[in-house]
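One structure is given below, encoded as structure tokens.
The values are calculated or read from the model by the stated rules, or taken from the named source; none is laboratory data. Since the structure is predicted, the reported quantities are computational estimates derived from the model, not experimental observations. Here the Cβ is made from the backbone with ideal geometry for all residues, glycine too, and neighbour counts use every protein chain on show. When the accessible area is computed, the model is the full protein with side chains, heavy atoms only, and any ligands, DNA or RNA have been set aside. Shrake-Rupley method; radii C 1.70, N 1.55, O 1.52, S 1.80 Å.
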Amino acid sequence: MAVNFKGRSLLTLLDLTREDVRYLLDVSHQLKAERVGFQVRRRFRGKTLAMLFEKRSTRTRCAFETAFGEEGGHPVFLSASDIQLGAKESIEDTARVLGRMFDAIMFRGFEQETVEILDEYSGVPVYNGLTDTFHPTQVLADLMTMEEVFGSLEGLNFVFVGDGRNNMANSLMVGCALMGVNCTVLAPESLYPESDLVEAVEELTEESGSSLRITSDIEAVVGADVLYTDVWVSMGEEEKSGERVKLLTPYRVDERMMEMTGKPDSIFMHCLPAVKGNEVTFEVIEGPSSVVWDEAENRKHTIKGLMAASLL
Ligand code: CP
Ligand code: NVA
């Protein structure tokens, strides 16, 4: 069945089907090829995008802003200190006002509920550019990068190592399950993902014929095609820094762990920003298995693909 993504939001990958993700990835590959070939279009001419940030960002902000702007659109950056967002005006009212002025809204911040309210009240597509719970646009870039390296996704063995209940682990589990990638979350037990999400992902794995494994045993990296990690302390959790370092030091991705995969062609991935020496050694992130810069570039192509699919 042909996918029609027009007018749709992206709040969490749980709202998407495998066909939706396939479609968004196909559009993204096509747009990347055009960009590499220096073809200039004006797809978003006359359109406006509100970009709301409660948290910092390099990649996500730049990806949205340049992807929209270079296609003739007008992105407007609004930090939490610039606008009334739940401070003096409710999120519902802010959403209604923005929806009257903008063609789409992207949001980065704390609560997943905020993107849901923006979506419910604005009447325009809303894109989740990271919350405490999910980071769906990052996973589109990750899947695109894996497809570029391996040719296809189905049957790949993917291991997320580290804070197994953060926004990246949550979103990667869903993305892998949708696309038939076998996913392992390798984390200390106190950082296992929430059981409700695990149950939802298990249902998806049944449909796609892939597997989900949650374990604290480092041996789980054997056979991995991809080792993925993220910061040990996510934005907003800074006070947990000391305990996380203690808990997660055995889970640092180093050359020994890469070798343990037993696959010389296995790759290292990270959404960035990275704390080199914590979750990954300098040798691995700067080494030949690392694809982190392609992954970062693909944020732009996939975000452009998402906006093209939903706005044009
Ligand atoms: N990966 C990612 O979302 O990076 P930023 O925090 O720099 O946007
Ligand atoms: N888990 C990290 C992801 C950054 C892109 C954070 O939320 O800070």
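For a straight C-alpha distance cut-off of 17 angstrom, the aspartates and glutamates reachable from residue 47 (same-chain residues fewer than eight places away being disregarded) are 65, 70, 71, 103.
Residues of segment 119-150 with an amide N closer than 13 Å to a point placed 7 Å from the Cα of residue 93 along the Cα-to-Cβ direction: none.
How large is the Kirkwood hydrodynamic radius of segment 86-155, in angstrom, based on all distinct alpha carbon pairs?
Answer for segment 86-155: a Kirkwood hydrodynamic radius of 13.5 Å.
Its DSSP H runs of at least 4 residues, each contributing -39,500 (n - 2.57), put the calculated 222 nm mean residue ellipticity of the chain at -13000 deg cm²/dmol, to the nearest 500. Taking N as the residue count of segment 1-50, its C-alpha radius of gyration divided by 2.2 N^0.38 Å amounts to 1.35.
Gain on full extension, evaluated as 0.36 nm per residue between residue 243 and residue 110 minus their Cα-Cα distance, stands at 45.7 nm. The calculated FRET efficiency for residue 6 paired with residue 282, based on their beta-carbon distance and R0 = 51 Å, is about 0.70. Calculated over segment 179-312, the projected area of the Cα convex hull averaged across directions stands at 9.8 nm².
Please compare each pair in 55/88; 55/263; 240/276; 88/304; 6/300 to a cut-off of 28 Å on the Cα-Cα distance and tell me which ones are over it. The pairs that break the limit, which is 28 Å between Cα atoms, are 55/263; 88/304. Each peptide in 8-14, 107-113 receives the mean, over its residues, of other Cβ atoms within 10 Å, and ordering these scores from highest gives 8-14, 107-113. Positive contributions from Lys and Arg (+1) and negative ones from Asp and Glu (-1), summed over other residues with Cβ under 14 Å from the Cβ of residue 210, come out at -4. The Cys residues in the chain with no partner Cys Cβ within less than 4.7 Å of their Cβ are 62, 271. Cα centroids of segment 13-35 and segment 201-234: 22 Å apart.
Placing a label point 7 Å from the Cα of residue 82 along the Cα-to-Cβ line, the residues of segment 22-60 whose backbone N sits under 18 Å from it are 47-60. Nonpolar atom fraction for segment 131-183, defined as the carbon and sulfur part of the 1.4 Å probe accessible area, stands at 46 percent. For segment 52-73 versus segment 117-196, the spacing of their alpha-carbon centroids is 20 Å.
For segment 254-312, the alpha carbon positions stretch 47, 24, 14 Å along the principal axes, listed from largest to smallest. Among 297-306, 182-191, the peptide with the highest mean count of other Cβ atoms within 10 Å heads the list, and the full ranking is 297-306, 182-191. Along each principal axis, taking the top coordinate minus the bottom one, the Cα set of segment 117-197 gives 40, 35, 17 Å in descending order. For residue 156, the shell of other residues with beta-carbons less than 12 Å away shows a net charge of -4, using +1 for Lys and Arg and -1 for Asp and Glu. Under the simplified labelling scheme, the residue 15-residue 36 pair shows an inter-label distance of 3.1 nm, with each label point 7 Å from Cα along Cα→Cβ. Just the protein heavy atoms count here, and of the accessible area of segment 54-117 at 1.4 Å, carbon and sulfur take up 48 percent. Were the residues from residue 62 through residue 219 laid out at 0.36 nm apart, the gain over their Cα-Cα distance would be 52.8 nm. Per residue, the chain exposes 43 Å² of accessible surface when a 1.4 Å probe is rolled over the protein heavy atoms with every protein chain present. Computed over the alpha-carbon pairs of the chain, the distance histogram in 10 Å steps reads 6, 28, 35, 23, 7, 0 percent, short to long.
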